[in-house]
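Read the structure below first, then the notes.
Derivation of every value follows stated rules applied to the coordinates shown; laboratory data play no part. In this text, all values refer to a predicted model and were calculated from it rather than measured experimentally. Positions of Cβ are backbone-derived with ideal geometry, glycine not excepted, and every protein chain shown enters the neighbour counts.
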Amino acid sequence: MTRSFQLISLLLACLTFASCAKNTYPLKTGPAPIISVGKEVQKYNMTLDFGGKHFNGMLIAKTMEDGEIRIIATTMFGLSLFDFGMKGENWNVYSCIEPMRKDRVLKIFETDFKLLFLSDRNVKKIEKTKEYTKFVTGGGISKGVVYVTPVTENDSEKIQIKHSWLRLTIGLEKMGENNVIE
């Protein structure tokens, strides 16, 4: 009985010391956004997997004249998946298809796109390698992992956002200059 009591006491002491250890959260992503959006249209081939449904399409981002960043995703056939806007910390949902029009999902989209398009965003963890930079956001059911490749300032070729608990994955691959959209 006393042996198990000593073991439990030792375990609780270890947990107490571990919880008092230096916490690095929140970390800052950096002074520049992951995707820099100017007056030019940024175009990405997009794959979106949500709740067992798979969509291929295009994500378009542009800074409007009033300073708002508009983010629009469409399928290859022209169906609009979502249309979001952000100006500073303000977030607007102009349209979104029904399966994704839930408060928790929209909040996750807000967190993800603010991480991509705004500078100095808070994240839980940043891991850099030669191949990619990994950002971890949120926790529990809203935990997201963002992979950005290659590691260059303001011009990422590939981005993958994964939310395992929600079965939501967004893949973005920058379109070449020969794919013209005005």
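Note on Thr169 and Tyr94: their simple-model spin labels are 3.0 nm apart, each label 7 Å out from Cα toward Cβ. In this label model, Lys39 and Leu106 are separated by 3.2 nm, measuring between points 7 Å along each Cα→Cβ vector.
Between rounded, prolate and oblate, where does segment 76-124 land on the alpha carbon gyration tensor, with a ≥ b ≥ c its root eigenvalues, rounded for a/c under 1.5, else prolate if a/b exceeds b/c?
Note, shape of segment 76-124 comes out prolate.
Classify segment 49-182 from the C-alpha gyration tensor, please: rounded if a/c falls under 1.5, else prolate or oblate depending on whether a/b exceeds b/c. Rounded shape, in that the Cα axes give a/c under 1.5.
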